[in-house]
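Read the structure below first, then the notes.
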Amino acid sequence: MRRYFMVMMCLFVFVTLTAQDSKQKFSPEKFKSEMERFITKDACLSQKEAAKFFPLYDEMKKKSRVVFDKMRALSKKKPADEAGCREAIKKRDKLDIELKRIQQTYHEKFLTVISASKLFDVIRAEEKFHRGMLRKANSSVNRKDKRRNETERPRAAAPASRHKKSAVPQ
């Protein structure tokens with residue numbers, strides 16, 4: 001459950017960081033096609049398997065996105081009191097469980113079109129893809145920060161430290 005949530009968070013961070021880069025616009029279609037290509041290659045799916053698998057996968061992602069959006073909405077504003085916080089935590093826990101149920105349901109559906117071994121490889125490939133994209137996004141942000149720092153005007157050197165002389169006579 002936590003792993004799935006982390007993957008979704010990585011995806012969100014990647015989308016956010018990429019969308020902020022004025023030189024590179026995020027394209028959901030390009031992202032999806034790159035992910036499908038990566039998963040197909042890394043999990044060694046045949047064209048026939050991929051053709052059966054990815055429509056189910058897209059279905060799962062759409063249902064998961066609805067739940068994830070609810071989770072994100074809950075996280076945007078912190079409730080004012082303890083009771084509100086407790087309720088928000090309970091709602092979030094229920095949404096976590098709902099995400100896991102969606103995942104579990106679709107894993108069963110996936111197993112009707114690909115073997116368990118290939119599904120295991122697909123799950124690993126998806127995680128690998130998202131980690132790679134997050135690394136790529138982070139390196140892009142680091143490069144932008146570095147360029148920004150290089151273009152800033154250098155600050156004047158700090159004055160030499162001035163030590164007070166001891167008031168005790170020697």
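Structure notes:
- Subset of the range 33-64 (residues that are of a type in the set (Gly, Ala, Ser), assigned to a helix (DSSP H, G or I) and within 24 Å of the chain's Cα centre (by Cα)): Ser33, Ala50, Ser64
- Matching residues, the range 92-105, being open to solvent by less than 100 Å² (accessible area, probe 1.4 Å) and basic (Lys, Arg): Arg92, Lys100
- Within the range 33-49, considering residues that are open to solvent by 50 Å² or more (accessible area, probe 1.4 Å) and of a type in the set (A, V, I, L, M, F, W, C), the one farthest from Lys128 (Cα to Cα): Cys44
- Residue under evaluation Thr112, criteria (1) among the hydroxyl-bearing types (Ser, Thr, Tyr); (2) outside any helix (DSSP H, G or I); (3) within 19 Å of the chain's Cα centre (by Cα), criterion not met: (3)
- Within the range 106-127, the set of residues being open to solvent by 70 Å² or more (accessible area, probe 1.4 Å) and out of contact with any Leu (no Cβ under 7 Å at 6 or more places or on another chain) comprises Glu108, Thr112, Ser117, Phe120, Arg124.
- Flag: Arg72 does not match the condition of being at pLDDT below 95, under 18 Å from Ile39 (Cα atoms), part of a helix (DSSP H, G or I) and open to solvent by 70 Å² or more (accessible area, probe 1.4 Å).
- Looking across the range 128-144 at every residue that is surrounded by fewer than 15 Cβ atoms within 10 Å (Cβ to Cβ) and within 11 Å of the chain's Cα centre (by Cα), the one that is modelled with the highest pLDDT is identified as Arg131.
- Residue in the range 75-85 that is under 21 Å from the mean Cα position of the chain (by Cα) and surrounded by 16 or more Cβ atoms within 10 Å (Cβ to Cβ) present: no
The values are calculated or read from the model by the stated rules, or taken from the named source; none is laboratory data. Small disclaimer: the values here were computed from a predicted structure and weren't measured. When we count neighbours, we look across all protein chains shown, and the Cβ atoms used for this are built from the backbone with ideal geometry, even at glycine. In case anyone asks, the SASA skips ligands and DNA or RNA and just uses the protein heavy atoms, side chains included. Shrake-Rupley method; radii C 1.70, N 1.55, O 1.52, S 1.80 Å.
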